[in-house]
Structures are given as C-alpha cells and as structure tokens.
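Q: Here it is, the structure in full.
The values are calculated or read from the model by the stated rules, or taken from the named source; none is laboratory data. Keep in mind the model is a prediction, meaning the values are calculated, not measured. Ideal geometry is used to build each Cβ from the backbone, glycine not excepted, and the neighbour counts take in all protein chains shown.
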C-alpha cells in the first residue's frame, strides 16, 4: 500500500514536470511532432518504394505467364494442324496449369496494385496534412512572438510613469540638469566673448579719424582744397602724424 502511494506520488510529479516542459514552448513541441511525422513519412515512402518493387516483380511474372500461355496455345494449334493430337494434349494439360497460374498471379497483381494505390493516396494525404501543419507552426510561432512583444509593450507603457518620485522621474531630472549645464556653458562663452569690446571700438574710432585726417591732407597736397577751407591746422597735421606713428609702432 505504501509503495503504491509512493508510486502514484512519483507519477504525479513526473506528470507535472512533463506538463511544464510541454507548455513551456508549445511551438517547439509542435515542431518536434512535425519532425517525427516527417521521419515516419520518409520511412513510409521507403516502404512504399519497396512495395512498388514487389508489384513490378509480380507484373513481370504475369506478363511472363501470359506469354507462356500464348506460346502454349500456338503450339497446340500447330500440333493439331499437324495431326499430332497426343503431343497437343500434353501441351493442353500444361496450358491448363499455366492459365491457372496466370489467373492466380493476375489476382495477386490486382490486389497489390490496389494496395499500392491506396498507400499512395494515404501518403499524399498525409503529406498535405504535414504541409498544413508546417504552415500552422509558422503562424503560431509568429503569433506567439507578436503576443509576447505586445505584452512587453503593455508592461512598459504602464511602467513609463515620469513622476519625480519614480526612477524615470529622477533620470529625467538628471537629463534636464545636464541640458541646463550645457546651455549655461554656451551662455558663459557668449558673455565672455564681449570682453574688451570698448577698447576695440575706441581703436576703430581712432583709425577712422586718422583715415579722415589723411584724406584731408591728401586733398590739400593735391590742391583740391586749401587748409583754410579744409579746416586743417598745423597742430592737426602734427597730431595726425603722431597718431599714425603710434599706430604703426
């Protein structure tokens, strides 16, 4: 009684394990069954080929029996025409046995042809079923993968909560801080780029004044205007020359 209980318990656990592996990857299980059926189909095809060889052998035997009967009939007619009835009767007796053998072999051939035809039909039908099963396996595999992906997306959609109290929210804050720091660096660089602008502007103004002074002096030297009309004094000339020397220096 105890051994019986132990055996039942062990059998239940083994069944549980088997069911786990059976349902863990059903597509793989279907593929296994398909491969096993294909192997059986190959064996059946080989058996059918061997059976067809038997049918061909019986067919050759029947054809040989028919030729033998035809030859015996021809001999009997020839001996009868020659008036040799005794010899003809011997061949007539052999003809009876040959026709009996022919009839039996023809019956066997008919049975073999029928059996062969039935087996061909069964294998063709099974082959079609296997093709349908293969398509189903591919379909189920694709649908399972798609359903898993959809389930993962659904979980991610529920997890993508960007509240500041969640990990996603904290990560977002870090990203925003980095963005702010980068923008601050750009602003500082832009602000620093304005340093020394007053000096540059002053130098540009001095250069424009010197250029204007040089132009007025050129006009005076060329007689285009007089110092009085140009409003240039000696001090202005000296000042312009001094500025020019300082700039060149």
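Q: Can you confirm whether residue 168 is loosely packed, with under 10 Cβ neighbours inside 10 Å, modelled with pLDDT under 80 and in contact with a helix residue (DSSP H, G or I) (Cβ under 9 Å, 6 or more places away or on another chain)?
A: The answer is no for residue 168.
So that you can scan it fast, the table gives a plain yes or no per residue for (1) out of contact with any helix residue (DSSP H, G or I) (no Cβ under 9 Å at 6 or more places or on another chain); (2) modelled with pLDDT under 80; (3) in a helix (DSSP H, G or I); (4) in the same structural domain as residue 40 (by TED's automatic domain parsing):
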{"site": "96", "(1), (2), (3), (4)": "yes, no, yes, yes"}
{"site": "99", "(1), (2), (3), (4)": "no, no, yes, yes"}
{"site": "118", "(1), (2), (3), (4)": "yes, no, yes, yes"}
{"site": "134", "(1), (2), (3), (4)": "no, no, yes, yes"}
{"site": "172", "(1), (2), (3), (4)": "yes, yes, yes, no"}
{"site": "179", "(1), (2), (3), (4)": "yes, no, yes, no"}
{"site": "183", "(1), (2), (3), (4)": "yes, no, yes, no"}
{"site": "189", "(1), (2), (3), (4)": "yes, yes, yes, no"}
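Q: Sticking with this one: Just to be sure I understand, how many residues within the stretch 4-24 are surrounded by 10 or more Cβ atoms within 10 Å (Cβ to Cβ) and either modelled with pLDDT of 80 or more or touching a helix residue (DSSP H, G or I) at 6+ places or on another chain (Cβ under 9 Å) (or both)?
A: 2
Q: Inspect the stretch 100-113 for any residue being within 50 Å of the chain's Cα centre (by Cα) and either surrounded by 13 or more Cβ atoms within 10 Å (Cβ to Cβ) or farther than 26 Å from residue 46 by Cβ (or both) and give the result as yes or no.
A: There is at least one residue in the stretch 100-113 that is within 50 Å of the chain's Cα centre (by Cα) and either surrounded by 13 or more Cβ atoms within 10 Å (Cβ to Cβ) or farther than 26 Å from residue 46 by Cβ (or both).
Q: Given the structure, is residue 60 modelled with pLDDT of 90 or more, assigned to a helix (DSSP H, G or I) and closer than 29 Å to residue 121 by Cα?
A: Answer is yes for this residue.
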